[in-house]
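Please read the structure below before turning to the comments.
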Amino acid sequence: MTDARTGVLAGLKVVVSAGPTFEDIDPVRFIGNRSSGKMGFAVAAAAAERGADVQLVAGPVALPTPPGVQRIDVRSAAQMHEAVLAALPCDIYIGAAAVADYTPREVAPGKLKKQVGQDTLTLELVRTPDILAEVAAHAARPRLVVGFAAETDRVEHYARGKLAAKRVDLIAANRVGVPGSGFESDDNALTIYWDGGERALGPAPKGELARDLLDVVGRRLTGGAPGHG
Ligand code: CTP
C-alpha cells in the first residue's frame, strides 16, 4: 500500500471535476443528467489522503466535501469550463464530471408557458466547450490528463476513440445502464485505457476504485508501466 504522505502524489496540485452539469432552459427548468458525483468525489478524497493539494470543481450534487479538499461549486458546463481553466496550472487533471455536451441557445427570462394547440416544442441547443480536450491542448497542460467515459455499449471502442481524439493520457471507462455499476451506484467497475495498454479495476466500492485509479496515475507519472490487466 502507498504511504499517504510519501507517495508520488504528495505535494502535487490535482484538479478534479465531478458531478453533472445543469443547463438552464428557464428559471424553473433545466437539462441535467444522472451523474451522482460519487466517483469524482472519491477520487478527490483519495488524492487528498495521499497528500495532494486538491481542487474539486463540483457540479450540482449534495455530497459532503472530502476532508482537506478545496471545493468550487458550479452549475453549468460554461461555469465548470471557467472554473477548471482558472485552476490551471496543475500537475494532474482528472475530468470525472458528466459535462453536458449541449446547452440551450438562450435561457428564457421567464417561465416558458405551453401554448394552446402546440403539441411539440423544439429547443435549440448549442455545443458546450470540451473542457477535457481544452485542458489537454492547453499551453499549461498538466503532466497527466485523465478523462472518464461512460458508455452503454462498445466501451473499449468509444473509450479509445476519446483517448485519441481528446489527446489525454488515460481514460477510465465504465459501462452505464447496467445494475450495480455506473452513475448512482456506490460500486463501480472501470477499465483504464492508455496508448498501448489497459487495466480492469473492480467491481469494487468507488473509494477503493479511486485509490486503484490513483495507483495507475502514480505509476504513469513516475514513468512506469501503469500495470497489467
Ligand atoms: N467532457 C468535458 N467537456 C465536455 C464533455 C465531456 O470535459 N463538454 C469530458 C468528461 O468530463 C469526461 C470525458 O470528456 O472526462 C468524456 O465525456 P463523455 O460525455 O462521455 O464523452 P463525449 O466526448 O461527450 O462523447 P459522447 O457524449 O459522444 O459519448
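Only the coordinates and a few stated rules stand behind these numbers; no lab work does. Please read all numbers here as calculations on a predicted model, not as lab measurements. All Cβ positions, even for glycine, are placed from backbone atoms using ideal geometry, and neighbour counts span all protein chains on display.
Rounded to the nearest 500, what is the chain's calculated 222 nm mean residue ellipticity when only DSSP H runs of at least 4 contribute -39500 (n - 2.57) each, over all residues?
Counting only the DSSP helices, I get -7500 deg cm²/dmol.
Take the Cα of Gln118, step 7 Å toward its Cβ, do the same at Asp186, and the gap between the two points is 4.5 nm. Based on C-alpha pairs under 8 angstrom that are at least 6 apart in sequence, the range 110-229 has a relative contact order of 16 percent.
Extension gain for the segment Thr65 to Arg29, taken as residue separation times 0.36 nm less the Cα-Cα distance, is 10.3 nm to one decimal. About its Cα centre, the chain has a charge dipole of approximately 160 debye under the convention of +1 per Lys or Arg Cβ and -1 per Asp or Glu Cβ, with nothing else charged.
Fully extending the segment from Arg127 to Arg105 would add 7.0 nm, taking 0.36 nm per residue of separation and subtracting the current Cα-Cα distance. In order along the range 50-63, the Karplus-derived 3J(HN,Hα) couplings, from 6.51 cos²θ - 1.76 cosθ + 1.60 at θ = phi - 60°, round to 8, x, 6, 8, 9, 10, 10, 8, 10, x, x, 9, 9, 10 Hz, and Gly and Pro are given as x. Relative contact order of the chain, taken over Cα pairs closer than 8 Å and 6 or more residues apart, is 19 percent.
Each principal axis of the chain carries a Cα extent, and these read 65, 34, 33 Å when sorted largest first. Rg and Dmax of the range 15-138, based on Cα coordinates, read 16.5, 61 Å. With a Förster radius of 41 Å applied to the C-beta separation of Gln79 and Ala204, the computed FRET efficiency comes to 0.80. The packing ranking of peptides 92-104, 20-32, highest mean first, is 92-104, 20-32, where packing means the average number of other beta carbon atoms within 10 angstrom of each residue.
Pairs of Cα atoms nearer than 8 Å and 6+ residues apart set the relative contact order; for the range 24-106 it is 32 percent. Projected over all directions and averaged, the alpha-carbon convex hull of the range 35-93 occupies 3.8 nm². Listed by chain and number, the lysines placed with their C-alpha closer than 25 angstrom to that of Lys38 are Lys13, Lys162, Lys166, Lys206; residues fewer than eight positions away on the same chain are left out.
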